[in-house]
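Heads up, the thing below is written out as structure tokens.
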Amino acid sequence: MEGRVADWIRPEIRALSAYHVQDASGLIKLDAMENPYTWPEDLRREWLERLHSLDVNRYPDPQARKLAQELRSAMQVPPRDMALLLGNGSDEIIQMLALAVSAPGRSILSVEPGFVMYRMIATWCGMDYVGVPLREDDFSLDMPALLQAIREHQPALVFLAFPNNPTGNLFAEADMLAVLEAAPCLVVVDEAYAPFAESSFMSRLGQHDNLLVMRTVSKLGLAGLRLGLLAGPSAWLEEIDKVRMPYNINVLTQATARFALKHHQALDEQTAAIRRDRQVLFEALQAMDGMVPYPSQANFILVRTPAGKAVPLFEALLKDGVLVKKLHGSHPLLEDCLRITVGRPEENARLLEITRRFVDHG
Ligand SMILES: *Cc1c(COP(=O)(O)O)cnc(C)c1O
């Protein structure tokens, strides 16, 4: 059988390792940028009543029209000629974008370290991937290198995460605008962390005919629903919509997302708490000998440990029940780095306690 597998599964797929998610049962989960808060009991009850009235024997609204309209106002999508496309998570939207432009020899361009799905999906779709390194000191865009790579590779898609994952910073807006000018193709600004950031490109839609803005409800507290959205000029989105699976947003997701948007105040309070606790966590890490946290506009903090200490600290945390993301070894610029999602205050306190003990006693 192996021979036949090797004959038919494309070599670039065989070379991939499947997206690995560490088992987190029983652990304090600070690895995946989830909102750590559940809903208050009265809200849960009202939600269940809403679900009670759904008919799952019927297909969902294929366009999710009501949800789309409510997302439009919740995410402040500018009205003029701007369309909206929904995906089963923004991961599915990245895949739709790639499917719509892929052809032999075409490439997706992004920055490194960056969101791993851009590269993975390029490979799935038979495209090349160009990753331009960020600047080493502050993870800002290396503009000469980026503009040179755009000139040289003439990519079919550019992705820039704003703020960037896993570094947490916003790129300079002037640099982003220069990329929009220079790119021959669509530039997708991935604003997965918008609820935690001070800046957005949403209001710039329509000012550049190659700008699209992507959002998700995952990081704001609805990761389990799998719902992302893409906003931009309808001329582009009408084409991309043609590679969308019919009924990609299921009945439960449509109803639950609409319910959550109606009660957005609960989520707003949670994201505000996370932003405040991010500052507390940052200052506590900064006060520890040899630990270098990077300023973040997202719901996580990238931290550099003293040389050779990231893996032992990761293991010390795990042994005491706290799961963070080990980035050491994943990219040269992330040497000795861990990524810590901001959790509930008591979870952050536990993380800090273990880390402090580790820093003090090795
Ligand atoms: C988490 C993340 C996403 C994925 O969002 P989903 O909607 O959950 O698929 C997209 N982009 C970036 C940069 C992310 O960090």
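Results, tabulated for the structure shown:
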| quantity | calculated |
| --- | --- |
| Residue in segment 134-142 that is hydroxyl-bearing (Ser, Thr, Tyr) and either within 14 Å of the ligand (Cβ to nearest atom) or closer than 30 Å to ARG275 by Cβ (or both) present | yes |
| ALA122 among the aliphatic types (A, V, I, L, M), over 16 Å from the mean Cα position of the chain (by Cα) and surrounded by fewer than 17 Cβ atoms within 10 Å (Cβ to Cβ) | no |
| Meets criteria (part of a strand (DSSP E or B), of a type in the set (A, V, I, L, M) and either farther than 27 Å from ALA83 by Cα or within 14 Å of the ligand (Cβ to nearest atom) (or both)) for VAL130 | yes |
| Helices (runs of 4 or more DSSP H) fully within segment 1-98 counting 1 or more residues that are of a type in the set (A, V, I, L, M, F, W, C) and open to solvent by 60 Å² or more (accessible area, probe 1.4 Å) | 2-8, 41-52 |
| Residues of segment 99-119 that turn out to be open to solvent by 10 Å² or more (accessible area, probe 1.4 Å) and within 12 Å of the ligand (Cβ to nearest atom), as a count | 4 |
| Whichever residue in segment 304-332 is within 19 Å of the chain's Cα centre (by Cα) and not in a loop (DSSP other than H, G, I, E, B) and, among such residues, is nearest to GLY168 (Cα to Cα) | LYS325 |
| Subset of segment 286-302 [within 24 Å of the chain's Cα centre (by Cα) and over 20 Å from PRO36 (Cα atoms)] | VAL292, PRO293, TYR294, PRO295 |
| Considering residues of segment 261-288 that are in a helix (DSSP H, G or I) and small (Gly, Ala, Ser) only, the residue farthest from LEU302 (Cα to Cα) | ALA266 |
| Those residues of segment 246-260 which are more than 15 Å from the ligand (Cβ to nearest atom), in a loop (DSSP other than H, G, I, E, B) and under 26 Å from GLU34 (Cα atoms), in sequence order | TYR247 |
| Matching residues in segment 284-303 - criterion: being open to solvent by 30 Å² or more (accessible area, probe 1.4 Å) and closer than 18 Å to ASP360 by Cβ | GLN286, ALA287, ASP289, GLY290, VAL292 |
| Long-range neighbours under 9 Å by Cβ, at least six apart or interchain, first residue more than 24 Å from ALA223 (Cα to Cα) within segment 91-115, second within 12 Å of the ligand (Cβ to nearest atom) and open to solvent by 40 Å² or more (accessible area, probe 1.4 Å) | none |
| Single unsatisfied condition, ALA174 versus (1) buried (at least 21 other Cβ atoms within 10 Å of the Cβ); (2) not in a strand (DSSP E or B) | (1) |
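The values are calculated or read from the model by the stated rules, or taken from the named source; none is laboratory data. Keep in mind that this is a model prediction, so the values were computed, not measured. Reconstructed Cβ throughout: ideal geometry from the backbone, glycine too, with neighbour counts over all protein chains shown. To get the accessible areas, we keep the full protein, side chains included, count just its heavy atoms, and leave off ligands, DNA and RNA. Shrake-Rupley method; radii C 1.70, N 1.55, O 1.52, S 1.80 Å.
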